[in-house]
1. If you take the residues of the range 207-248 that are surrounded by fewer than 10 Cβ atoms within 10 Å (Cβ to Cβ) and farther than 30 Å from residue 172 by Cβ, which of them is modelled with the highest pLDDT?
2. Hey, can you tell me all the residues within the range 66-99 that are small (Gly, Ala, Ser), in a helix (DSSP H, G or I) and touching a helix residue (DSSP H, G or I) at 6+ places or on another chain (Cβ under 6 Å)?
3. Would you please name the residue that is modelled with the highest pLDDT, looking only at residues in the range 100-113 that are part of a helix (DSSP H, G or I) and of a type in the set (S, T, N, Q)?
4. Picking from 50, 41, 65, which residue would you name as being closer than 22 Å to residue 122 by Cα and touching a residue at least 12 places away in the same chain (Cβ under 8 Å)?
5. I'm trying to understand the selection: among the residues of the range 66-91, which are modelled with pLDDT of 85 or more, exposed (fewer than 15 other Cβ atoms within 10 Å of the Cβ) and within 30 Å of residue 11 (Cβ to Cβ)?
6. Scan the range 48-65 for residues that are assigned to a helix (DSSP H, G or I), surrounded by 14 or more Cβ atoms within 10 Å (Cβ to Cβ) and under 17 Å from the mean Cα position of the chain (by Cα) and jot them down.
7. Limited to the range 73-116, what total is found for residues that are more than 23 Å from the chain's Cα centre (by Cα) and more than 18 Å from residue 43 (Cα to Cα)?
8. Go through the range 68-115 and count every residue that is touching a Lys or Arg at 6+ places or on another chain (Cβ under 8 Å) and touching a residue at least 40 places away in the same chain (Cβ under 8 Å).
Amino acid sequence: MQEPVFSYVPGVSFLHTLDPRTKLVSVMLLGILAFRTESFFGIGVLFAFFFALTSFSGLPARVFFRAVRPMMLFIIFIFFAQLFFTEGRALASLGVLHPSVEGLQNGLRLSARFILLLLFAALMTASTDPSAITCGIERMLRPLPLRWLGVNSFELATMMNLSIAFLPLLFERVERTKAAQASRGMYFGRNPFHSVPALAIPLIRGVVRDAEELALAMESRGYKGTRRTSMHELLMQKRDWASLFALVFFTVLILKF
């Protein structure tokens, strides 16, 4: 059975041993950097940086292909929307559509940014245990005065962890629903508008049913959104501070270009 997207891949690499807070902050910095970088040189450097991190992690390439593949239609749509609806120097004439040079540049730049976000997110989730991510999020949110909003860091961390856990299950359920509808004679390529309800309705019903079962399971085990112990004892090591310092230096260096 194929592994779901954004799943954890156990390992002993340098990235696997970093504190989850280090990786969470790094992904946020790299995401900001991806959307602040305007030059193609800076975007190319970010891709090279990702490939360098991938080589250090020892993770297989299929992990990242699985992360990008479900969003390819969305990325292609963004590219063509920028290509045909951005005003500028005409690149060609295709009837009523007039692609522009500026549209081509904006489409490539925006598509590359989304791909970078997916790749860095996949790198973090593949090298970090989900329970460690939850613990890291909780520790980062703990100093905030969230009780004024009626929530606490433990509840927010649990919701984020459930979202991360449900994401690969959602893609898995989509594949199962497509296979089930195809076995009943549904051909998705003939009429996409008819196939969307046949896929969306059972998918939504399945997701709601899974959420209800999870809520009942948590209530039956006496879950409360109060302070809880964790199997992960987080402690920032020298390698974590060194990694953060190097990443901040890298961010400042790229922004200057």
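The values are calculated or read from the model by the stated rules, or taken from the named source; none is laboratory data. This one's a predicted model, so the numbers in the text were calculated from it and none came from an experiment. For neighbour counting, all protein chains shown are included, and Cβ atoms are generated from backbone atoms with ideal geometry for every residue, glycine included.
1. Here the residue is 238.
2. Keep residues of the range 66-99 that are small (Gly, Ala, Ser), which gives 67, 81, 88, 90, 92-93, 95.
Add one more test, that the residue is in a helix (DSSP H, G or I), and what stays is 67, 81.
If the condition is that a residue be small (Gly, Ala, Ser), in a helix (DSSP H, G or I) and touching a helix residue (DSSP H, G or I) at 6+ places or on another chain (Cβ under 6 Å), then 67 is the only one that fits.
3. Filtering the range 100-113 down to residues part of a helix (DSSP H, G or I) leaves 101-113.
Okay, now just the ones that are also of a type in the set (S, T, N, Q), so 105-106, 111.
Values: 105: 88, 106: 89, 111: 92.
Here the residue is 111.
4. Values: 41 fails: closer than 22 Å to residue 122 by Cα; 65 fails: touching a residue at least 12 places away in the same chain (Cβ under 8 Å).
Sole residue among the options that is closer than 22 Å to residue 122 by Cα and touching a residue at least 12 places away in the same chain (Cβ under 8 Å): 50.
5. Of everything in the range 66-91, those that are modelled with pLDDT of 85 or more, exposed (fewer than 15 other Cβ atoms within 10 Å of the Cβ) and within 30 Å of residue 11 (Cβ to Cβ) turn out to be 72, 74.
6. Hits for the range 48-65 are 50, 53, 54, 63, 64.
7. In the first step, residues of the range 73-116 are kept if they are more than 23 Å from the chain's Cα centre (by Cα); the result is 83-105.
If we keep only those that are more than 18 Å from residue 43 (Cα to Cα) too, we end up with 83-101.
Here the count works out to 19.
8. Applying the first criterion (touching a Lys or Arg at 6+ places or on another chain (Cβ under 8 Å)) to the range 68-115 yields 100-102.
Going one step further and asking which of them are touching a residue at least 40 places away in the same chain (Cβ under 8 Å), we end up with none.
Here the count works out to 0.
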